[in-house]
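Right, one structure below, let's go through it.
The values are calculated or read from the model by the stated rules, or taken from the named source; none is laboratory data. Being a predicted model, the structure only gives us computed values, none of them experimental. Positions of Cβ are backbone-derived with ideal geometry, glycine not excepted, and every protein chain shown enters the neighbour counts. In case anyone asks, the SASA skips ligands and DNA or RNA and just uses the protein heavy atoms, side chains included. Shrake-Rupley method; radii C 1.70, N 1.55, O 1.52, S 1.80 Å.
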Amino acid sequence: PVDRMPLVEVIRGEQTSDATVATLHVLALRLGKTPIVVADRPGFLVNRILVAYLNEACLLAGEGVDWRSLDRLAEAFGLPMGPFRLIDEVGLDIAAEVGRTLCAAFPQLPESPLLAAAAAGGLRGKKGGAGFYRYEHDRKTSPNPAIGPALGLADGRPATDADLRRLLLLMVAEAGRCLDERVVAEAADVDTGMVFGTGFPPFRGGLCRWADAEGLPRLVAELEELAQRHGERFTPCAWVKGREAFYD
């Protein structure tokens, strides 16, 4: 909910003055929020990276990975909830529409058909009482047994650390593109946005800090291998390939 979200993305348009940006920055601080300045691009920063992550989780489920175990792995990594629980919170209909919009804006992202199929079948997530999970009195109760038949998902194989890493590395690739395109000015903006906007584990320092701790050149090599297997969305941009770390 907006009133509880600690992050504010201050969007700078082509004709936005420095004075306007500064005023909005101060206003956000007075409201007790943490602001970052973001360029006017589809998805801005947080939704662009987050939707790529959620869409990839749906692609994994479509490939036969058990979505419940993927949620558990994400929580074990330190995220406040797994991707499918988050989709329920957002609303499957909203997630499907935002996913469609961003996949159209960034052709390297192949749109997963799962969310559109779920929304077309009347599954709306938490606000509708059922999505990937069932809800009673706004509280999650258990996985929704109807989701598998509704989306054609058989009982899949358990998710592995490699599956979770695939999600994380796609976010790293997208963060690199955001920095290359000057959506934000520096890696610290990405980390602030991911921690305060998505709940990326603060103890990991943020997405870019985590990537640096893992070793950015190592992640670049992993991304290039993933790109060969799964497509250009994993291809690291030249900005990332030319660096030893996000922070240098």
- Query: Can you tell me which residues in region 125-172 are under 22 Å from the mean Cα position of the chain (by Cα) and farther than 20 Å from Ala95 by Cβ?
  - Reply: Pro158, Thr160, Asp161, Ala162, Arg165, Leu169, Val172
- Taking the stated definitions as given, is Ala175 open to solvent by 10 Å² or more (accessible area, probe 1.4 Å), under 19 Å from the mean Cα position of the chain (by Cα), touching a residue at least 12 places away in the same chain (Cβ under 8 Å) and closer than 20 Å to Leu7 by Cβ? no
- Specify which of the listed residues (Glu75, Glu56, Glu9, Glu14) is modelled with pLDDT under 95 and either open to solvent by less than 40 Å² (accessible area, probe 1.4 Å) or charged (D, E, K, R) (or both). Glu14
- Item | Residue among Gly43, Gly32 that is open to solvent by 30 Å² or more (accessible area, probe 1.4 Å), small (Gly, Ala, Ser) and part of a loop (DSSP other than H, G, I, E, B) | Gly32
- Take the residues of region 197-208 that are surrounded by fewer than 21 Cβ atoms within 10 Å (Cβ to Cβ) and either touching a strand residue (DSSP E or B) at 6+ places or on another chain (Cβ under 9 Å) or touching a residue at least 12 places away in the same chain (Cβ under 8 Å) (or both): which is farthest from Leu45 (Cα to Cα)? Phe203
- Message: Can you report the number of residues in region 119-142 which are touching a helix residue (DSSP H, G or I) at 6+ places or on another chain (Cβ under 6 Å) and buried (at least 16 other Cβ atoms within 10 Å of the Cβ)?
- Response: 9
- Query: Do we find a residue being touching a helix residue (DSSP H, G or I) at 6+ places or on another chain (Cβ under 8 Å), in contact (Cβ under 8 Å) with a residue 12 or more places away in the chain and within 18 Å of Val190 (Cα to Cα) anywhere in region 22-31?
  - Reply: no
- Which listed residue, of Pro107, Pro80, is closer than 15 Å to Gly199 by Cβ and in a loop (DSSP other than H, G, I, E, B): Pro80
- Sole miss for Ser112 among (1) in a loop (DSSP other than H, G, I, E, B); (2) farther than 21 Å from Met194 by Cβ; (3) touching a Leu at 6+ places or on another chain (Cβ under 8 Å); (4) open to solvent by 30 Å² or more (accessible area, probe 1.4 Å) is condition (4)
- Task: Mind counting the residues in region 59-72 that are within 24 Å of Gly205 (Cβ to Cβ) and open to solvent by less than 20 Å² (accessible area, probe 1.4 Å)?
- Result: 2
- Counted residues in region 83-104 being assigned to a loop (DSSP other than H, G, I, E, B) and over 24 Å from Met5 (Cβ atoms) come to 0
